[in-house]
Ligand code: HEC
C-alpha cells in the first residue's frame, strides 16, 4: 500500500515535470517565432518572385534609354560587337529608385535587335529583395524569349538567378553599383 502511494506520487511529480518542460519548450518556440516575424518586419524583407506574366507586355513600358551601334565596353554582351545593334531599355511603370535604391518588385527589360533581324535578345533584371542576391543589390537576372516568357537553357532549366551566365551579368553590372546596379537611369 505504502509502496503504491509512493509510486503514485512519483508518477504525479513526473507528469507535472513533463507538463512544465512542455510549457517551457512551447514558450521558447513561440518566442523564437515572434522574433522571426519582428526581424522580418524591421528588415522589410518582402520578396517579389517574377513569373512569365511579369514581362508579357514589356514593349509598352516607358522607354528609358535607346542606343545604337557597337559598344566595345560591352564586349559580346548585349550584342556590343554588332554595329547595327539597337538596344532599348524599358522600365515597368517607369519605376524610379527611392533614396538610390529600386523598390522590391521593380522590373527592367532590355531588348536588343539588329538591322538584319537576326537578333532578338531580351534580358531583364527584377528587384527580388529578401536577401536574394545581397552582393548585387538583391537583383535577379533573366534571359527572356521574344514573347517575354522566361527562357530555358538546353537542359530545360529556367534562365534566371543571382549568378546567371556564371555571374557575368552581375559582375559587369557591378560597374553601376553606385546606381543600384542599373546603368540606364
Ligand atoms: C560586359 C558588361 C555587361 C554584361 C556582361 C551584361 N550587361 Fe546588362 N548592361 C550593360 C550596360 C553597359 C547596360 C546599359 C545599356 C547599354 O549601355 O547598352 C546594360 C543594361 C542592362 C539592362 C537595362 C538596365 C540597365 O542597367 O541599364 C538590363 C535589364 C540588363 N543589362 C540585363 C543584363 C543581364 C540579364 C545580363 C546577363 C545575361 C547582362 N545584362 C549582362 C552591361 C552588361
Exclusive hit being crowded, with 19+ Cβ neighbours inside 10 Å and over 26 Å from residue 45 (Cβ atoms), set 90, 173: 90
Single residue of 126, 109 found to be within 14 Å of the ligand (Cβ to nearest atom) and either free of Cβ contacts under 8 Å to residues at least 60 places away in the same chain or over 15 Å from residue 50 (Cα atoms) (or both): 109
Total residues in region 54-103, condition over 15 Å from residue 121 (Cα atoms) and in contact with a helix residue (DSSP H, G or I) (Cβ under 7 Å, 6 or more places away or on another chain): 2
Matching residues, region 57-69, being surrounded by 13 or more Cβ atoms within 10 Å (Cβ to Cβ), outside any strand (DSSP E or B) and more than 11 Å from the ligand (Cβ to nearest atom): 61
Sole exception among (1) in the same structural domain as residue 80 (by TED's automatic domain parsing); (2) in contact (Cβ under 8 Å) with a residue 60 or more places away in the chain; (3) assigned to a loop (DSSP other than H, G, I, E, B) for residue 184, by number: (1)
Matching residues in region 110-136 - criterion: being buried (at least 20 other Cβ atoms within 10 Å of the Cβ) and on the phi > 0 side of the Ramachandran plot: 129
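The values are calculated or read from the model by the stated rules, or taken from the named source; none is laboratory data. Source: prediction; values computed, not measured. No Cβ is skipped: glycine too gets one built from the backbone with ideal geometry, and neighbour counts run over all protein chains shown.
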